[in-house]
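Encoded as C-alpha cells, the structure appears first; notes follow it.
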Amino acid sequence: MDKISRIFNSSIASASISAAFELGLLEELQRAEVVRVEAYCRERDLHPPSLLAILKAMASQGIVELKADLTAARRGPLFAETYRYQSYFYWLHRGYGWLLLNLAALTSNRDSRGEIVHRNRDFVHRDPAAIARAGQEYGERFVDRIFEEVLGDQPRMVAADLGCGGASRLIRLARRWPQFRGIGVDTSSEAVALANHAIESLGLQGRIKVVPGDVENLSVRPEFAEVQVLISLFLMHEFWPHDSCLRVLRGIADAFPNARRFVICDTYRSDADPNKDAPIFTLGFEVSHAIMGRYIPSLSEWDRLFAEVGWSCLGTYRVGVPHSVLFDLVLPGAPPAHQVGRAASASVTAVDEIDSPNKR
Ligand SMILES: C[S@@+](CC[C@H](N)C(=O)[O-])C[C@H]1O[C@@H](n2cnc3c(N)ncnc32)[C@H](O)[C@@H]1O
C-alpha cells in the first residue's frame, strides 16, 4: 500500500483503538481471543455496524483479523503491541480530541471571540478525566514497578500525591502497608469523586483522603504538616516555564513543611530530530503542549530548577513511558537516606539509573 493511504487509514485505526479501549473491546479480545460481533453488541447494547466499522479499521492495520463473513474478529499480528499501548490512543483521542479537531483554528493568534491571544492559551480544551484514566493505565503498566522500587520499603510513611487522579497509587501503597496514610490533591472534581469512590469501596477512607486543590495555589491544610513524602506523576511539567514552576515548587515546600522527600515522575522535552519518526506518545505530547502554549523542559532544565529551589536529586531513573523519568529528590532537613527508608542502592539495581544530576 502507498504511504499516504497508510497515513490516512492509520488515523482512522488510531481513533478506533481509542474507542476499542473505551468499549473494553481490546480487553475482551485479550481475554477471549475471538469476539462475535452480534453477541458482543447484544450483551452491551451496541450498534453492530459501528462496532464492525471499528473492527474493520483495526483489521486494515493488522490489529485484528475479521472473518470473511464479517461475523467475528480475532487477534491479529499487531494485537499484542496495540493492547500494550492502548491507553496512549485513548489519551490522544479522548483527552485531546477537541484540540486535534480545532488544530487550524487554534493556530490562530485570536480566540473564538476574535480577541488577540497573548501568552495564556487556557481556552484550549482537554478532557482531564480521560487524561487521568489513560495516565492511570499507562502508569500502572510502565511506571509503578520502578516507582515502588525507588520508593523503597516505607510501611509507616505519610505521603501526599499531587495531581493524584483516581488515587490508584495511594490505594496500592495503602493495601501494601497497613500503617500507610495518604493524602491526594487534584483540581478535577471528577478525579476527586472517582478517587473517593474507589477509596470508600475498599474501606480505606480512614487512611486515605483525597481533597480538591490546585497545586499552583495550595491552600494549606493542617493534615499537610504530617506529610513526610511527596509524590507527583505526570503533572509537574504543567507548571513551566521556569519562573512559574519555581514559584510552584516553593509553594509546595511551604505547604508541606515536614516533607523531606519528593518523587516526581514526568515527561521531558525530547529534542529529537523533527525529520525523523518519534516513538509512540512523544509526538502527541509535544504537539498538544505546543498548541496549549505550554513549555516542556529538558532534563537539564529540571536539574537546574531543583538545584535552584535547594533540593538535591539522588537519582534519575528511566521509566517505560518514552522520554520520561523519575526524579528522587531530597528536601532540606532530611535525615540520612537509610533513616527515611529510602531504597538502598542494592534494591534498585533492576532500575535503569540513567545518571546522577552531578554527572550530567
Ligand atoms: C496526567 S494526569 C496524572 C494522574 C496521576 N498522577 C497518574 O499518574 O495516574 C494529571 C492529573 O493532574 C490533575 N491536575 C492538573 N492540573 C492540576 C493542578 N494545578 N493541581 C492539581 N491537580 C492538577 C489532573 O486533573 C489529572 O488528574
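Structure notes:
- The listed residue being of a type in the set (Phe, Trp, Tyr), out of contact with any Leu (no Cβ under 7 Å at 6 or more places or on another chain) and within 10 Å of the ligand (Cβ to nearest atom), out of Phe239, Phe224: Phe239
- Picking from residues in the range 158-170 that are of a type in the set (A, V, I, L, M) and surrounded by 21 or more Cβ atoms within 10 Å (Cβ to Cβ), the one that is nearest to the ligand (Cβ to nearest atom) is Leu162.
- Boolean, Glu148 is out of contact with any helix residue (DSSP H, G or I) (no Cβ under 7 Å at 6 or more places or on another chain), within 16 Å of the ligand (Cβ to nearest atom) and in a helix (DSSP H, G or I): yes
- Candidates in the range 245-289 are the residues that are among the polar types (S, T, N, Q) and surrounded by 17 or more Cβ atoms within 10 Å (Cβ to Cβ); of these, the one that is nearest to Thr316 (Cα to Cα) is Thr267.
- With respect to (1) in contact with a Lys or Arg (Cβ under 7 Å, 6 or more places away or on another chain); (2) surrounded by 18 or more Cβ atoms within 10 Å (Cβ to Cβ), the lone exception for Ala72 is condition (2).
- Yes/no for Ser219 being touching a residue at least 60 places away in the same chain (Cβ under 8 Å) and within 25 Å of Asp127 (Cα to Cα): no
- Spans of strands (runs of 3 or more DSSP E) in the range 1-118 with at least 1 residues within 30 Å of Thr267 (Cα to Cα): none
- Checked across the range 243-261, the condition of being under 26 Å from Val158 (Cβ atoms), acidic (Asp, Glu) and in contact with a strand residue (DSSP E or B) (Cβ under 8 Å, 6 or more places away or on another chain) holds for no residue.
- Filter result for Val210 (in contact with a strand residue (DSSP E or B) (Cβ under 7 Å, 6 or more places away or on another chain), within 14 Å of the ligand (Cβ to nearest atom) and touching a residue at least 40 places away in the same chain (Cβ under 8 Å)): yes
- Filter pass, Leu51 being away from the ligand (no atom under 16 Å from the Cβ), closer than 30 Å to Val325 by Cβ and either within 29 Å of the chain's Cα centre (by Cα) or surrounded by fewer than 16 Cβ atoms within 10 Å (Cβ to Cβ) (or both): no
- Residues within the range 241-291 that are part of a loop (DSSP other than H, G, I, E, B), under 17 Å from Leu331 (Cβ atoms) and small (Gly, Ala, Ser), tallied: 1
- Within the range 227-236, the set of residues being within 14 Å of the ligand (Cβ to nearest atom) and on the phi < 0 side of the Ramachandran plot comprises Leu230, Ile231, Ser232, Leu233, Leu235, Met236.
- Filter pass, Glu38 being at pLDDT 95 or above, more than 22 Å from Arg94 (Cβ to Cβ) and surrounded by fewer than 12 Cβ atoms within 10 Å (Cβ to Cβ): no
- Residue in the range 12-23 that is of a type outside the set (A, V, I, L, M) and free of Cβ contacts under 8 Å to residues at least 40 places away in the same chain present: no
- No other residue among Arg141, Arg172 is at pLDDT 90 or above, among the charged types (D, E, K, R) and under 25 Å from Glu286 (Cβ atoms) apart from Arg141.
- Within the range 171-206, the set of residues being more than 8 Å from the ligand (Cβ to nearest atom), under 16 Å from the mean Cα position of the chain (by Cα) and part of a strand (DSSP E or B) comprises just one member, Gly184.
The values are calculated or read from the model by the stated rules, or taken from the named source; none is laboratory data. What you see is a predicted model; the values in this text were computed from it and never measured. Counting neighbours? That spans all protein chains shown, and the Cβs are built from the backbone with ideal geometry, glycine included.
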